[in-house]
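In what follows, a structure is listed as structure tokens, so that the remarks can point back to it.
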Amino acid sequence: MSDPMMIVTSIEELRSARPLLDGPVGFVPTMGFLHAGHLALVRRAREECASVVVSIFVNPTQFGPNEDLDKYPRDLERDIRLLDEAGANLLWTPTPEEMYPPGYQTWVEVEGLTRPLEGAVRPGHFRGVTTVVTKLFNAVQPQKAYFGQKDAQQAAVIRRMTRDLNFPIEIVVCPTVREPDGLAMSSRNTYLNPQERQAAVVLYRALKTAQSAYEAGERDAAVLRRLMSEVIESEPLARLQYVSCADYDSLEELEQVSSKALLSMAVFIGKTRLIDNLVLE
Ligand code: PAF
């Protein structure tokens, strides 16, 4: 039997526990309320690394003033059980007070890639993400770090930051894990009531509609965006925030799809904001 998972809270405790881990160390940063998508990241890290560190931290600086920081779902006991079963070696649950003590004033910002899509509608979001991920990377010092493709722009931004700041860390992006009907796994799915949960599958339907059109030869990005919008607008409980067909690397909106592209969208289902994406190879 493997050793039970160590659990630490302070940065000092983390720094004492870190040298006890065999390398290479794989790191899975999360905000907790874990689902099958997170556990797939832990399993992948388990396969590729000698030790796995997971952090759970609901990072206040990546939430806007009218977003869901206060009601973000939490269940630490359940998360601990799931992580232990999945074979994580060390869980770090830092506190907001230690991550952002009074007088905190240092930020990490990636420029161009954070402007469109989520960056355009969630000002400051990526500044919070890149700052906390830098702090987590500095403390954990992993050789590999695992992120989900579900947050495609976040993954691209973190890759860019890792290269630009010369972190000696390999960023591994793992496929989106979906419910049987196609809804992408997300901790926020828990906000949906049963009718909304049924309606939420419309994001995947819209993405698949555009993907099928692409596979049938459609290359006009405006047409692909329109097809996705029409599917979303056909669902009475859905309100489209944005829909995009962008270049996979620059995230700039395309006119024609001639190389790898990202179809993505943000949609409110009732009060719950969901995002999803598919890659056109
Ligand atoms: O994807 C998330 O859960 C968060 O944005 C992350 C990467 C843990 C940073 O808070």
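Summary table below
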item	result
Protection proxy ranking, peptides 27-37, 122-132, average beta carbon neighbours within 10 Å, highest first	27-37, 122-132
At 1.002 mPa s and 20 °C, Stokes diffusion of the chain via Kirkwood alpha-carbon radius, µm² per second	109 µm²/s
Over the chain: helical MRE at 222 nm, DSSP H runs n ≥ 4 each giving -39500 (n - 2.57), nearest 500	-10500 deg cm²/dmol
Crossing angle, helix 36-48 versus the chain [Cα axis fit, 0-90 degrees, rounded to tens]	60 degrees
Residue-normalised accessible area of the chain, expressed per residue, 1.4 Å probe, Å²	48 Å²
Residue of Arg178, Arg197, Arg81 that the Gaussian network model of the chain assigns the largest fluctuation, springs spanning Cα pairs under 10 Å	Arg81
Leading residue at positive end of dipole, the stretch 133-281 (Cβ point charges), from Ile171, Val279, Leu227	Ile171
Counted charge near Arg273, where neighbours are those whose Cβ lies closer than 14 Å (Asp, Glu -1; Lys, Arg +1)	0
Most positive-pole-ward Cα, Asn193, Ala152, Ala261, against dipole of the chain from beta carbon charges	Asn193
For peptides 10-21, 88-99, sequence by mean Cβ density within 10 Å, most packed first	88-99, 10-21
In degrees, nearest ten, helix 76-86 long axis to first principal axis of the chain (Cα)	90 degrees
Sequence-separation-based contact order of the chain, relative, with Cα cut under 8 Å and 6+ spacing, percent	17 percent
Between helix 221-233 and the chain: long-axis angle, C-alpha atoms, 0 to 90°, nearest 10	80 degrees
Electrostatic dipole magnitude of the stretch 89-205 [Cβ: Lys, Arg +1; Asp, Glu -1; Cα centre; debye, to 20]	240 debye
Computed over the stretch 205-255, Cα set: Rg, Dmax in Å	11.1, 33
Value of relative contact order over the stretch 147-257, rounded to a whole percent, pairs C-alpha under 8 Å and six or more apart	19 percent
Gyration tensor (alpha-carbon) shape descriptor, the stretch 156-264, a/c threshold 1.5	oblate
Relative contact order [Cα under 8 Å, 6+ residues apart], the stretch 118-204, whole percent	23 percent
Percent carbon-and-sulfur accessible area, the chain, ignoring ligands, DNA and RNA, probe 1.4 Å	49 percent
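The values are calculated or read from the model by the stated rules, or taken from the named source; none is laboratory data. Small disclaimer: the values here were computed from a predicted structure and weren't measured. Using ideal geometry, Cβ is built from the backbone for each residue, glycine included, and neighbour counts are taken over all protein chains shown. To get the accessible areas, we keep the full protein, side chains included, count just its heavy atoms, and leave off ligands, DNA and RNA. Shrake-Rupley method; radii C 1.70, N 1.55, O 1.52, S 1.80 Å.
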